[in-house]
């Protein structure tokens, strides 16, 4: 039967080719080019279509026609035809690669449009059509996926015919799906920072993304809608933080000029509307028991951090992102799901995520060897042994790639229907399977869908009866690994995986500066200038995977540099006094004066060094009050008279960072007791010698 169907398709395709060859003017490239130049061009756009048809549900579709020519067109006629059923995903891929090769062999609908004409450069929506499919298309099957060709023919002012067509798909389901294919749709809600270390926005592009017609605004609005289908939002708290900053008025710095954007500005309104929709969507999801998950703050490069020995920093980025998201949205995020940026994924990364409570980790399919089985494998993969192992959710490679196809933007409804059709073909591989089957739809983390495409996709997925749309964490719980049996091991990390992450030298610099910041915090305590409160955020932003491309990394370094400059702005205002000191005794206390010209209260210790002066290892901690001079008395001892240099270092309380240094000159006028005793003894001996020697001297000879 399969062979007969294949032969029928081949004959149909041949007939179409012969018919095209018989059309006058279709004989060669030159003729085709001439015809294209001579005739106005049309474009037919699908604006709506039924996600499924059945004996009781007719096909409901509508198209819009755009006249791209220089003259009006009229007399519009629409013809739709069905092609042969698509049996496999590979066959579907072939049709998508060459849509013109679809053999439309069965007429379905034909009508003369009520639209009289279409002016040049404009578009008109044609009337909505409801057409029952011919009976028997799915006889003996649980359902079929059929190509649908929609052709529009019009006439130009000279009476010449012009045509345009599109190819989409129809899912014919004659009976109810008893065991639907389970599916989870991940929806990333994140954006690289649009602010500089000073907190100024460097552009107003975020406002466009957050607008109701923008991709992020459209996502939030659609998922906040009453009755919106299940979708798993994963939100970056950094985006929520920046949107919140825009609501109450914000600073925009462009071309060296800083402008204050007031709360009433439409751009601020976009941010406010986005936040309200996002909070509503999060609240709705939480009410159903499945709140949104959180990215690590700024989508930190977790694989590179763990690989470089900073697993604690990776864990901190995850927890900080969750805490900040809860504060921003008022909804505690789901801690069981983690979606790290792709890269060097290994056991160390998985253990780090497990320590944060994440027992479900979203991973790219390339980290697991492809299955040789013809049937689509489930999204769930066990990452360990035991009754309740950590699990990976692996996105379907073909479906995930479809999210970023340019046709998703140029033909949004048509392309959303294409994704639905592929999920239907996947279900039809094993329709109504007794064992649960499930797929994960995982777009790239930087996904920017158009409003029409996202709405068509989400609503279509929710209305598809062969799908059970659910949250990602429940998909991992409900669907076992399989259907192919056997262990699926995580692939070995490659040199390319390592190279994809932030460079080790870059991260080492962040680690050093973070150590400096820790010491600075111990020095300035909780009384620091509020501006220094952004230092921790700056270093967290610097750990973002957004700086992976070499061209973007200078911005990441800028956040690191802002921290060192901020610390130095305090330290360089602290100076050691250089007034000479005189010590009149062998031991005594000398004054060390330190001037603090900064606006911070700084806790410090002193360390003194000198080759000829006995000094304490370090002073006790003491506080330098802002804009004051502070003197400490330190016990010292000298070994000789003279003038000696003493090096003075002002250190942070942990003695790890030098704040300031200087040199004072110590003059000792004390007489050394040993030298004095030796000198006195020598003088006494000389006196005795002189006295007794004089008595023994003989008299003159007589």
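Values in this text are rule-based calculations from the coordinates and carry no lab data. Since the structure is predicted, the reported quantities are computational estimates derived from the model, not experimental observations. Every residue, glycine among them, receives a Cβ derived from its backbone with ideal geometry; neighbour counts consider all protein chains shown.
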Mean Cβ count within 10 Å, highest first, over the residues of peptides 159-167, 184-192, 373-381, 578-586: 184-192, 373-381, 159-167, 578-586
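Given a Förster distance of 56 Å, report the FRET efficiency between residue 579 and residue 489 from their Cβ-Cβ distance, rounded to the nearest 0.05.
0.20
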Post the alpha-carbon centroid distance, the stretch 294-348 to the stretch 57-119, in whole angstrom. 46 Å
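Students often check this: by mean Cβ neighbours within 10 Å, which of 232-242, 263-273 ranks highest, and how do the rest follow?
Answer by packing, highest mean first, reads 232-242, 263-273.
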For labels at residue 351 and residue 283 in the simple 7 Å Cα→Cβ model, what's the distance in nm? 4.3 nm
Using a 7 Å offset from the Cα along the Cα-to-Cβ direction at both residue 614 and residue 47, what is the distance between the two label points in nm, to one decimal? 9.7 nm
Provide the FRET efficiency to the nearest 0.05 for the residue 631-residue 568 pair, computing r from the beta carbons and using R0 = 30 Å. 0.75
Across the alpha-carbon set of the stretch 558-681, Rg over Rh with Rh taken as the Kirkwood radius works out to 1.11
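Over the stretch 181-497, consider all pairs of different Cα atoms and compute the Kirkwood hydrodynamic radius from their mean reciprocal separation; express it in Å, one decimal.
Computed over Cα pairs of the stretch 181-497, the Kirkwood hydrodynamic radius comes out at 20.3 Å.
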Pairs of alpha-carbon atoms within less than 8 angstrom and 6+ residues apart define the contacts here; what relative contact order does the chain have, in percent? 11 percent
Pull up the DSSP beta bridges for the chain and report the antiparallel fraction as a percent, rounded to 5. 75 percent
Place a label point 7 angstrom from the Cα of residue 621 along the Cα-to-Cβ direction, then list the residues of the stretch 562-576 whose backbone nitrogen is under 19 Å away. 571
May I ask you to compute the full-extension gain from residue 477 to residue 397, defined as 0.36 nm times their residue separation minus their alpha-carbon distance, rounded to one decimal in nm? 26.7 nm
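Using a Förster distance of 35 Å, how high is the FRET efficiency between residue 71 and residue 409, based on the Cβ-Cβ distance and rounded to 0.05?
That gives a FRET efficiency of 0.80.
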Fully extended contour minus Cα-Cα distance, from residue 153 to residue 253, at 0.36 nm per residue: 30.8 nm
If each part is reduced to its alpha-carbon centroid, the stretch 359-429 and the stretch 170-215 end up apart, in Å, by 17 Å
Which whole-angstrom value gives the distance between the alpha carbon centres of the stretch 439-477 and the stretch 512-526? 45 Å
Taking a crude spin-label model, label points 7 Å out from Cα along the C-beta direction, the residue 93 to residue 130 distance in nm is 3.9 nm
Yeah, the chain with a ≥ b ≥ c from its alpha-carbon gyration tensor (a/c under 1.5 is rounded, else prolate when a/b outruns b/c, oblate otherwise) is prolate
Show that you can apply the helix-only estimate: for the chain, add -39,500 (n - 2.57) for every DSSP H stretch of four or more residues, divide by all residues, and state [θ] at 222 nm to the nearest 500. -11000 deg cm²/dmol
Expressed in angstrom and ordered largest first, the alpha-carbon extents of the stretch 502-570 along the principal axes are 38, 19, 17
Stokes-Einstein D for the stretch 39-172 at 10 °C, 1.306 mPa s, Kirkwood Rh over Cα pairs, in µm²/s? 101 µm²/s
Mean Cβ neighbour count within 10 Å, used as a protection proxy, ranking 141-148, 435-442 highest first: 435-442, 141-148
